[in-house]
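*Asks:* Attaching a single structure in C-alpha cells format; questions to follow.
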Amino acid sequence: MNFEYHPETDMLYIKLTTGISIESEEISPGVVVDYDENNRAIGIEIEDASKFIDLSRLELTAMPIVNLVISERIPTGA
C-alpha cells in the first residue's frame, strides 16, 4: 500500500495494490475508487484532502508491516 500526496492539487492517492485502472467510480463527493479489470479496488483518490484529513499525522495500528519505507517527495525545480 502506498500513500501519495500531491500538494499542488491537494489530492491524496492511496494505492492499494499494483494494477491498471480500467474503471473509476465516485463513491462520495471528492472520493474516487479505481478498479482493475477484475473489478478489484486498486486505489482511492481523495480530492481536497487537507480539508478532510489531518495530513500531518499517520497512525498505524496492528498492521503486520514487514518493510516500512518513508520517503519525501522533492519538489521539482528545487
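Laboratory data are not the source of any read-out in this text; all were calculated from the coordinates shown. Just so it is clear, the model here is predicted, and its values are computed rather than measured. All Cβ positions, even for glycine, are placed from backbone atoms using ideal geometry, and neighbour counts span all protein chains on display.
*Asks:* State which stretch of the chain is the longest one without any exposed trypsin sites (Lys or Arg not before Pro), exposure meaning a DSSP loop state and at most 10 other Cβ atoms within 10 Å.
*Replies:* 1-56
*Asks:* Among ALA49, ALA62, ALA41, which one moves the most in a GNM of the chain with springs linking Cα atoms closer than 10 Å?
*Replies:* ALA62
*Asks:* Still on this structure: Which is the longest stretch in the chain that no exposed loop site breaks, taking sites as GluC sites (Glu not before Pro) with a DSSP loop state and at most 12 other Cβ atoms within 10 Å?
*Replies:* Longest gap between qualifying sites, sites excluded: 9-36.
*Asks:* With viscosity set to 1.002 mPa s at 20 °C, what whole-number translational diffusion coefficient in µm²/s follows for the chain from Stokes-Einstein and a Kirkwood radius over Cα pairs?
*Replies:* It diffuses with D of about 152 µm²/s by this estimate.
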